[in-house]
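The values are calculated or read from the model by the stated rules, or taken from the named source; none is laboratory data. Quick caveat, the model's predicted, so the values are computed rather than measured. Cβ: placed from backbone, ideal geometry, glycine included. Neighbour counts: every protein chain shown. With ligands, DNA and RNA removed, areas are computed over all heavy atoms of the protein, side chains included. Shrake-Rupley method; radii C 1.70, N 1.55, O 1.52, S 1.80 Å.
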Amino acid sequence: MNFLLSPEQIEIQTAVARYLDAECPSTRLHELFDAPDGRADPRLWRGLLDLGVAGLALPEAYGGMGLELVDLALVAETLGSRAAPTPFLGHVIAALAISLAGSEAQKQRWLPGLADGSITATVALAEDGAAWQPEQWRVAAASALTGHKSFVTHAAQADLIVVGLEGGRFGIVRAGADGLSITPQDGIDRTRPCAVLAFDRTPAELLEGGADAAARLCDAALVLAAADAFGGASRCVEMAVDYAKLRRQFGVVIGQFQALKHQLADMATDIEPARGLYWYAAHAWDRLPEQASRSAAQAKAHLADRYLHVARRTVEAHGGIGYTWEFDVQIYLKRAMFDYAWLGVPALHRSRAAALAGW
């Protein structure tokens, strides 16, 4: 079994990284982070769509590239490493939901537009009490929806919203539908603005798939969130090391101090060995279905937990300046908080992984 990336996968990551480095350097990232209008940058998103990121894991018959989840996760890692403020996460999860649960007619209707980005989508899963899992969804599956969903990313930017419904069903709600209201939430991660969605007899198009498709979709979402966390945590280690080589105190660079050396080494050994967790979870999703749910839960739990830990240590490594608004570090710390909570906290997924193992 070969667990190294192929030349094509390396090229995908390199192309996305080059694009983000050119179009969303630190100065632009701060502009978007500080913007009052939902931190949306259509031009930045359009450029990523032109690279084909939205259709990577969608079938070729519907305009996608027919690649696997690991290829999509590699893009998520790169976006996480740059804290890129794009609707990528919600968009590709919504597209996967239609690919997994839609009828042939629904796939033909929606997937080509989602693959080329002429349609932007997001996904609405969570309900009250951090109810992220399909068995916890209570909005009734009907042609008219009533209820609400929380923590919906880039909802105001989306042309359509895939909503998780009772029984593990999905419904598609179009932007501007009757009875749909979108209220911004005061979330901490300004790179991924969230909203509460309320439905009042809102027209919806039900997808055919049921609980099996919902469980599979949630596993894929966990893998993508884990990949984003790995990318962000890796970047935090790089920032801390770079600063330790630059900042001088008592006439020497602070990286010469043994205590900081130990801290940086701990951060690096926390993260780099965990790369295989999300790679394997993505591989299991495509090739080892009996291991997919447990692997996805483990990857999300561990990487989200470690990202938050490493982001905090990165702030400490920067000293007082690490807390300031002008430094990138605070953006990554807040993104780590989002990854920790979105789709469920690590304790939830560790418990699920234990239950799935029969412990």
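Do we find that residue 151 is among the aromatic types (Phe, Trp, Tyr), closer than 30 Å to residue 310 by Cα and modelled with pLDDT under 95 in this structure?
Against the criterion (among the aromatic types (Phe, Trp, Tyr), closer than 30 Å to residue 310 by Cα and modelled with pLDDT under 95), residue 151 does not qualify.
Give me a count of the residues in region 13-68 that are in contact with an Asp or Glu (Cβ under 7 Å, 6 or more places away or on another chain), open to solvent by 40 Å² or more (accessible area, probe 1.4 Å) and over 13 Å from residue 85 (Cα atoms).
Final tally of qualifying residues: 3.
Does residue 121 fit the bill of being under 25 Å from residue 72 (Cβ atoms), touching a helix residue (DSSP H, G or I) at 6+ places or on another chain (Cβ under 9 Å), at pLDDT 95 or above and open to solvent by less than 20 Å² (accessible area, probe 1.4 Å)?
The answer is yes for residue 121.
Return yes when residue 270 is assigned to a helix (DSSP H, G or I), of a type in the set (D, E, K, R) and at pLDDT 95 or above and no when it is not.
Here the answer is no, as residue 270 does not meet what is asked.
I'd like the full set of residues that are open to solvent by less than 10 Å² (accessible area, probe 1.4 Å) and farther than 15 Å from residue 312 by Cα, limited to region 234-252.
244
Please verify whether region 79-86 includes one or more residues that are in contact (Cβ under 8 Å) with a residue 60 or more places away in the chain, surrounded by fewer than 18 Cβ atoms within 10 Å (Cβ to Cβ) and basic (Lys, Arg).
So far as region 79-86 goes, no, none of its residues is in contact (Cβ under 8 Å) with a residue 60 or more places away in the chain, surrounded by fewer than 18 Cβ atoms within 10 Å (Cβ to Cβ) and basic (Lys, Arg).
From the list 329, 310, which one is at pLDDT 95 or above and more than 30 Å from residue 353 (Cα to Cα)?
329
Considering only residues that are open to solvent by 50 Å² or more (accessible area, probe 1.4 Å) and of a type in the set (Lys, Arg), which ones fall in region 182-216?
Correct list: 190, 201, 216.
Pairs only if they're at least six apart or on different chains, beta carbon under 6 angstrom, first in region 328-354 and touching a residue at least 12 places away in the same chain (Cβ under 8 Å) and part of a helix (DSSP H, G or I), second open to solvent by 10 Å² or more (accessible area, probe 1.4 Å) and polar (S, T, N, Q); list them, first residue then second.
353/298
Listed residues 147, 164, 168, 179; which is open to solvent by less than 10 Å² (accessible area, probe 1.4 Å) and either without any contact (Cβ under 8 Å) to a residue 24 or more places away in the chain or at positive phi (or both)?
Testing whether each residue is open to solvent by less than 10 Å² (accessible area, probe 1.4 Å) and either without any contact (Cβ under 8 Å) to a residue 24 or more places away in the chain or at positive phi (or both) leaves just 168.
Applying the selection to region 240-279, what residues are of a type in the set (Phe, Trp, Tyr) and without any contact (Cβ under 8 Å) to a residue 40 or more places away in the chain?
Correct list: 250, 257.
For residue 231, work out the one condition from (1) in contact with a Leu (Cβ under 8 Å, 6 or more places away or on another chain); (2) open to solvent by less than 40 Å² (accessible area, probe 1.4 Å); (3) without any contact (Cβ under 8 Å) to a residue 60 or more places away in the chain; (4) closer than 28 Å to residue 90 by Cβ it doesn't fulfil.
Every listed condition holds for residue 231 apart from (3).
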